[in-house]
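Beneath this line is the structure, given in structure tokens, with notes to follow.
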Amino acid sequence: MTVLFHENPGNVNWGQLREDLTDDEFHNGRTTHQLKLSFENSQLQAYANDQERCIGTARALSDGVGNAYIIDVWTHSSYRKQGIATEMMEMMMSKCPGQHIYLQTDDAIQFYRDLGFNDQPLGMSIVIGEYLQNDTRN
């Protein structure tokens, strides 16, 4: 196995990625088109490929000044615990100098603590209208 890391969404088979995310229970309901747009519209992207297959993702929204939000950090279940997510996170963090980087996790708390992240006292969210029902639903 040779894992190649890159930042090019053109090297991702988005249909296969969506299937893999669904199988790994990491899929949030986006169509293939919405999934692709989510990444393409993000300022920072990181991917891990094993040959033609995308087996890891991470992306960040950033103002390029003081704040960035990292989301969609995922490694295919059969590739976990091999440093792939760590490499993608380091790719993200290296592109955010001087920025306060936020993220949310449900079950990888120690992983992010080991990368130097600190607990925040409270996170909040709201969905306006119906989730994923917008101009990108195709």
What length, rounded to one decimal in nm, is gained on full extension from Asp50 through to Asn134, with 0.36 nm per residue of separation minus their alpha-carbon distance?
26.9 nm
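So, counting K/R as plus one and D/E as minus one, what does the shell of residues with Cβ under 15 Å around Gln43 add up to? Walk me through the numbers on the way to the answer.
Working: positive: Arg59, Lys95; negative: Glu7, Glu40, Asp63, Asp72.
Net charge around Gln43: -2.
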Taking Rh as the Kirkwood radius, which is the inverse of the mean 1/r over Cα pairs, what is the Rg/Rh value for segment 1-72?
0.97
Roughly how big is segment 3-114's charge dipole about its Cα centre, with Cβ charges of +1 (Lys, Arg) and -1 (Asp, Glu), in debye to the nearest 20?
180 debye
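Give the peptides 15-27, 109-121, 44-56 in descending order of average Cβ contacts within 10 Å, highest first. Before the final figure, lay out the partial values.
Details: 15-27: 14.6, 109-121: 10.8, 44-56: 18.9.
The most tightly packed comes first, giving 44-56, 15-27, 109-121.
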Taking every alpha carbon pair in the chain, what does the distance histogram look like in 5 angstrom bins from 0, in percent?
2, 9, 19, 22, 22, 16, 8, 2, 0
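Laboratory data are not the source of any read-out in this text; all were calculated from the coordinates shown. Source: prediction; values computed, not measured. Quick reminder, even Gly has a Cβ in these numbers, built from the backbone with ideal geometry, and neighbours come from all protein chains shown.
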